[in-house]
Amino acid sequence: MKVQMRVNGRQVSGEVEGRTLLVTFLRDGQGLTGTHTGCDTSQCGACTVHVDGLQVKSCSMFAAEADGAEVTTIEGMANADGSLSVLQQAFQDHHGLQCGFCTPGMVMAAATLLEQTPEPTEAQVRHHLQGNICRCTGYHNIIKAVMAASGQQVTQVAAE
Amino acid sequence: MPKDGIGASTKRREDIRFLTGKGRYTDDINLHGQAYVHFLRADVAHATLNGIETQDAASMPGVLRVFTATDFDGVGGLPCGWQITDRKGQPMQEPKHPIMAEGKIRHVGEIVAAVVAETLDQARDAAEAIVLDYDELPAVIDMKAAVQEDAPRVHDDLTSNLCYDWGFVEENKAAVDEAFLAADHVTTLELVNNRLVANPMEPRVAIGDYAAHDDSSTLYTTSQNPHVIRLLMGAFVLGIPEHKLRVVAPDVGGGFGTKIFHYAEEAFCTFAAKQLKRPVKWTSTRSEAFMSDAHGRDHVTKIQLALDAENNFTALRTDTYANMGAYLSTFAPSVPTWLHGTLMAGNYRTPLIYVNVKAVFTNTVPVDAYRGAGRPEATFQLERVIDKAARELGVDPAELRRQNFIRKDQFPYATPVAVEYDTGDYEATLNKALELSDYAGFANRHAESQARGKLRGIGLAHYIEACGIAPSNLVGQLGARAGLYESATVRVNATGGIVVMTGSHSHGQGHETSFPQVIAQMIGIEPDQVEIVHGDTANTPMGMGTYGSRSIAVGGSAMVRATEKIISKAKKIAAHILEASDADIELKDGKFSVAGTDKSLNWGDVTLAAYVPHNYPLTDLEPGLEETAFYDPSNFTYPSGCYICEVEIDPDTGKVTIERFTAADDFGNVINPMIVEGQVQGGVAQGIGQALLENCTYDSEGQLLSASYMDYAMPRASDVPMITVDHSCQTPCTHNPLGVKGCGEAGAIGSPPAVINAVLDAMHRAGKPVAHIDMPVTPAKVWAAMNA
Amino acid sequence: MYNFDFVKPSTVEEAVAALQDDEAQPLSGGQTLIPSMKQRLNAPGTLVSLLGIEALKGISVSDGVMTIGGTTTHATVAAQADAYPALAYLAGQIGDPAVRNRGTIGGSLANNDPAACYPAAALASGATIVTNTREIAADDFFQGMFTTDLEEGEIITAVKFPIPEAANYQKFEQPASRFALTAVFVAKYADGVRVAITGASEEGVFRWAEAEDALSNSFSAEALSALAVPANDMITDLHGTAEYRAHLCKVLTGRAVSAIS
Ligand SMILES: Cc1cc2nc3c(=O)[nH]c(=O)nc-3n(C[C@H](O)[C@H](O)[C@H](O)COP(=O)(O)OP(=O)(O)OC[C@H]3O[C@@H](n4cnc5c(N)ncnc54)[C@H](O)[C@@H]3O)c2cc1C
Ligand code: FES
Ligand code: FES
């Protein structure tokens, strides 16, 4: 069947099977390989994207279900001039990534948190990232990055 | 001086691509005409394989070919890179490790057949049409049962399930036993170091490609060491000479040891691509990863510590069963032996040590190195038994340690387990950790928790690790079948920019940022003039890759050596142009000057002269500015540190919460503090995972019970606290040019005993003393222990 | 995963018609169905997405009853079920934000995972599960692990929750999946207290009758002190023994009661 959607502001379409996952459509169909697959039980969040403004796991949604939707992936998160967005910049500034594999999902998840909760507490950040597993960072610097991106002083995020 | 030289927390340049979705991981690569393989994996642990019916599968839509073990005539088994010699001087038992099950299935997840098809779904559909004819055999799972005379055998051609019985130092055994007889106090502890799955977030991927026009093969793979894979796979498995084989490990999404090893899937994709004249791609699912990535740890140990009347450690002995799984993975035999026994002295002066390790074959996934590899196992038992001794003797665990430390003035210090520590200052890290953790203020926090009905405990652990792996001649004597040097080629371009091609590999460690900081410092240019190339055997010198916290200590040293050669040559060129003698040339801030004069040349003037050699000492010096160095370390490096953990326990549910975690490490000199701190935080989270959450479990039939994230508990954001890290205690390594020790594994080594010591301390303070609880300390276990 | 046809009707009638085919199965948020299809544990010929049916979405309150459309997501309940705070809280504890943005109440109840959250709320609230053909009392709906009273092709269109005077949900997470290792929902109504427990029993979600009686008599944690949930029907697995789960049932019930009173 044919699906069409807007991905990162660009109208795209493609032929898919019923079983084609959104992540497969984005990666293989659209070449948007920033969205990753880290598990097959819908738990790791490496595949997180936004569909109609909502954070979803693109491995747990069929491409056909996103027909007509507005999809944003990590490739659509930078500023219009290509520079890093505030959130992306905070990840770099605070060393919120190591191998980078979980990173696109983390950024997509954190972005929706900051939309809903402009000044989250540490506990809120941790709760919101429940479905995003990072094996490298121990989360410490991810938490710092997200809080810094919200404009909070992260030196006050004491290690206690 | 460059503003981003050694010691600067330079932001990572690689982050830009990762943060914008431009990383290039192996699964992001799709080759023209690529076919896909699906592996049919055993769902029983132990069986005689009578036959495989593939006809129906082969005729299904899109199927190119179905492979079984009989298709690999002339193909070797996956080699083991380390041979252990047992107590009697005999080599370990070393079974063949075939690409696919040959006649027998030996673990759940073992490859039985492979279907290559036009699409992955077609391959998977067809795999369901394969019919296996097998007779199930009783599975060998428990290690102690496995070494009984009448146990079923994992390998019929071996004499038993014992891979080796290793004694270290065998000559010390009698003296150790005597010391125990003479001891005033003996503390005994039996414990399990739980089996873990490394779980880098990027699952493994392999893509084989074959070029008929020059008969060459390329493998794209998620590896920590592409050159090692090229050597092992080319020379031992497929018989492809290195000049016809290229291995590329592009961006790799974490490794933690499990991406060191050479795996069957890599050899298969390379082999099948040549057979089918099509690229063949395999992407592991997480479910496959659980049953095919080498697992880690899985030791069962009895440790005993002897003390004299003044609480000095007088002897230590241990008995360990180490699980090898069904086959020997690449470095498996070295982990419970040379990476474990040699660390049993820890930070202490214990004069007599004897370590016995029985490595055992079982019907489980092969076990090999996982972050720390052997050193966490050594540290855990040692730091636990010391805590238990302190409790038994009624002394402060910190003070018992302090009393037995190797003192600052005793370095270099030769331990009774064959290694010589070059530098260290264990009291310094202890004091630092006590201060940062506000050890003194614990009583108040304890009272506050108690008032809320909670238990609170504090635990500490020291660690020492042997990093910067490793002196080749030494490891050669110990049975390594490889050298463990590292390499770098430093290419200076005509206009002064530099490309460093390193045999080291970054899969999260940030080489692309930290390595240039070193060169920038040495030459006095900005790091952005230096680019790091890694991960492709076609354009990097033969190197051994990244593991064992060796990148900066060994790879960085190779780069320093190559850069020294560059500087020396550049000085000669400058001397010629400036009409001075080489000895008078100074290089500072990217400028060559003649000592005592105002004559100088810029870095770029000299590099240009090297490639446009008009005014150049051509009779003495070749044009060009490119140097390679292979650095072979003369010793291991010995990072050490003190970790303090503070926990709260909910007595009603048994849930343990980590309230504070402090790490005071001595890594010697530090190149990029930000990156170092990140390594420690990540390692600590993995150690907390081992201590509280993670457990890879089989049932008695050999079925993997923790086979997905539904049952294997990964640390999430809400499970780890903010982690206080400090690396200000620095005793630089004396034998490498940067004075660095390495920091990649420390966090995972020092944290599990700190956590467990804290949990037991909390229970003790609450009047529920328990001698030991095995990891992971789940709420259910704590509750059961408190209500026993 | 096996292939299938995908249809997305816009009315309940069309959906029900599409589900007449034996091989057809409803799809809501897919947060359970898609992972199980990946494991090839499930092989529908046609998936009938219910998400195109506007009538199945949303929350309304009238006469002390909260009605939640069958495909209302966990995120919507968490954000909008203000009139039933304990239920909103429960929805906010399910999985993670991405799961909550897709997963639905109808899918959760139809699936009746023994460790799922909503079944506890539905049973403790004495909810009514409304389908395209009938209304089913929660007490009749849940019939053991992964089993419900639903017929083939029957779809949950709404769930009606009588709003209690007070309620509380206590979830103790299984450390890996973060579903309920054991969780307790206590709802206090004018005519008595209901206690439903999920995650613990081999029989799936259940009511703890003794606790209900004791609490209906005297609504305090102390009222539970003499009671114990027998361990024999409890689940033993990697994450906890039957005895541990039985113990948690009591601890969490006590906590829920304390939180209310
Ligand atoms: C990472 C993760 C964590 C989770 N954590 C939790 C948790 O902590 N607690 C918890 O309770 N759940 C948890 N879940 C499960 C989640 O709540 C699911 O959303 C829910 O169980 C199923 O709802 P769904 O809409 O996604 O259903 P689907 O997956 O679409 O369907 C599930 C089943 O119900 C059927 N079905 C769907 N809708 C209807 C309907 N309206 N009428 C009849 N049958 C229908 C389907 O055919 C299928 O058999 C988690 C899931 C994931 C992936
Ligand atoms: S890939 Fe793991 S949740 Fe989607
Ligand atoms: S940065 Fe590697 S998994 Fe998060």
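The values are calculated or read from the model by the stated rules, or taken from the named source; none is laboratory data. Since the structure is predicted, the reported quantities are computational estimates derived from the model, not experimental observations. Cβ atoms come from the backbone with ideal geometry, glycine included; neighbour counts cover every protein chain shown.
Of the residues making up the range B:126-165, those that are of a type in the set (Asp, Glu) and farther than 30 Å from B:Asp56 by Cα number 6.
What number of residues within the range C:196-239 are part of a strand (DSSP E or B) and within 24 Å of B:Ala784 (Cα to Cα)?
5
The single residue among B:Phe268, B:Phe261 that is outside any helix (DSSP H, G or I), crowded, with 24+ Cβ neighbours inside 10 Å and not polar (S, T, N, Q) turns out to be B:Phe261.
Which residues, counting only those in the range B:324-358, are assigned to a strand (DSSP E or B) and hydrophobic (A, V, I, L, M, F, W, C)? Walk me through how you get there before you give the answer.
Here is the first cut: in the range B:324-358, the ones assigned to a strand (DSSP E or B) are B:324-325, B:348, B:352-358.
Correct list: B:Met324, B:Leu352, B:Ile353, B:Val355, B:Val357.
Annotation note: of A:Arg10, A:Arg27, the sole residue that is away from ligand 1 (no atom under 15 Å from the Cβ), buried (at least 22 other Cβ atoms within 10 Å of the Cβ), basic (Lys, Arg) and not assigned by TED's automatic domain parsing to the domain that holds A:Cys136 is A:Arg27.
Yes/no per residue for (1) more than 16 Å from ligand 2 (Cβ to nearest atom); (2) within 12 Å of chain C (Cβ to nearest Cβ); (3) surrounded by fewer than 23 Cβ atoms within 10 Å (Cβ to Cβ):
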{"residue": "A:Gly105", "(1), (2), (3)": "no, yes, no"}
{"residue": "A:Leu113", "(1), (2), (3)": "yes, yes, yes"}
{"residue": "A:Thr117", "(1), (2), (3)": "yes, yes, yes"}
{"residue": "A:Tyr139", "(1), (2), (3)": "yes, no, no"}
{"residue": "A:Ile143", "(1), (2), (3)": "yes, no, no"}
{"residue": "A:Ala148", "(1), (2), (3)": "yes, no, yes"}
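Are any of the residues in the range B:746-766 part of a loop (DSSP other than H, G, I, E, B), more than 14 Å from chain A (Cβ to nearest Cβ) and over 19 Å from the mean Cα position of the chain (by Cα)? For the range B:746-766, residues part of a loop (DSSP other than H, G, I, E, B), more than 14 Å from chain A (Cβ to nearest Cβ) and over 19 Å from the mean Cα position of the chain (by Cα): present. Taken over the range B:411-463, residues that are surrounded by fewer than 16 Cβ atoms within 10 Å (Cβ to Cβ) and assigned to a helix (DSSP H, G or I) amount to 9.
Only one entry in B:Asn199, B:Asn193 is on the phi > 0 side of the Ramachandran plot, outside the structural domain of B:Gly683 (by TED's automatic domain parsing) and buried (at least 22 other Cβ atoms within 10 Å of the Cβ), namely B:Asn199. Note on the range B:208-258: residues that are crowded, with 24+ Cβ neighbours inside 10 Å, in contact with an Asp or Glu (Cβ under 9 Å, 6 or more places away or on another chain) and in a strand (DSSP E or B) amount to 5. Here C:Ala98 meets the list (1) aliphatic (A, V, I, L, M); (2) over 18 Å from C:Gln174 (Cα atoms); (3) away from ligand 2 (no atom under 16 Å from the Cβ) almost entirely, failing just condition (3). The criterion of at least 1 residues that are facing another protein chain (nearest Cβ under 10 Å) and touching a strand residue (DSSP E or B) at 6+ places or on another chain (Cβ under 8 Å) is met, among helices (runs of 4 or more DSSP H) falling completely within the range C:1-116, by C:33-38, C:74-80, C:97-102. Among the residues of the range A:1-47, the ones that are of a type in the set (Gly, Ala, Ser), within 7 Å of ligand 2 (Cβ to nearest atom) and at the interface with chain B (Cβ under 7 Å from one of its Cβ atoms) come to 2 in all. Of all the residues in the range B:538-592, those that are over 41 Å from the mean Cα position of the chain (by Cα) and of a type in the set (Ser, Thr, Tyr) number 1. Pairs meeting the criteria (first residue in the range B:499-511 and closer than 15 Å to B:Gly742 by Cβ and within 7 Å of another protein chain (Cβ to nearest Cβ), second residue within 16 Å of ligand 1 (Cβ to nearest atom) and of a type in the set (Lys, Arg), beta carbons under 6 Å, at least 6 apart or on different chains) are lacking.
If only residues of the range B:685-706 that are over 17 Å from A:Gly131 (Cα atoms) and facing chain A (nearest Cβ under 10 Å) are counted, the one that is farthest from the chain's Cα centre (by Cα) is B:Ile688. Only strands (runs of 3 or more DSSP E) whose full extent lies in the range B:472-579 are considered here, and none of them has at least 3 residues that are buried (at least 19 other Cβ atoms within 10 Å of the Cβ) and of a type in the set (Lys, Arg).
Residues in the range C:173-205 that are surrounded by fewer than 24 Cβ atoms within 10 Å (Cβ to Cβ) and within 14 Å of chain B (Cβ to nearest Cβ) were compared, and the one that is nearest to C:Ile260 (Cα to Cα) is C:Glu173. For the condition touching a residue at least 12 places away in the same chain (Cβ under 8 Å), more than 16 Å from ligand 2 (Cβ to nearest atom) and over 30 Å from A:Cys39 (Cα atoms), C:Ala200 does not qualify. Screening the candidates C:Gly30, C:Gly58 for the property of being within 16 Å of ligand 2 (Cβ to nearest atom) and on the phi > 0 side of the Ramachandran plot yields one hit, C:Gly30. The set of residues in the range B:439-467 that are farther than 23 Å from B:Pro651 by Cα and either acidic (Asp, Glu) or modelled with pLDDT under 95 (or both) comprises B:Glu465, B:Ala466, B:Cys467. Of the strands (runs of 3 or more DSSP E) lying entirely inside the range B:591-646, those containing at least 2 residues that are crowded, with 21+ Cβ neighbours inside 10 Å are B:626-631. Does A:Ala66 satisfy being more than 13 Å from ligand 2 (Cβ to nearest atom), within 13 Å of chain B (Cβ to nearest Cβ) and closer than 23 Å to A:Glu115 by Cα? Taking the combined requirement at face value, the residue does not satisfy it.
Scanning the range C:10-53 for residues that are crowded, with 19+ Cβ neighbours inside 10 Å, among the hydroxyl-bearing types (Ser, Thr, Tyr) and over 19 Å from the mean Cα position of the chain (by Cα) returns a single hit, C:Ser49. Of all residues in the range B:20-51, exactly one satisfies the criterion of being touching a helix residue (DSSP H, G or I) at 6+ places or on another chain (Cβ under 8 Å), within 27 Å of C:Gln39 (Cβ to Cβ) and β-branched (Val, Ile, Thr), namely B:Val37.
Filtering the range A:39-54 to residues that are surrounded by fewer than 24 Cβ atoms within 10 Å (Cβ to Cβ) and touching a Cys at 6+ places or on another chain (Cβ under 8 Å) leaves only A:Asp40.
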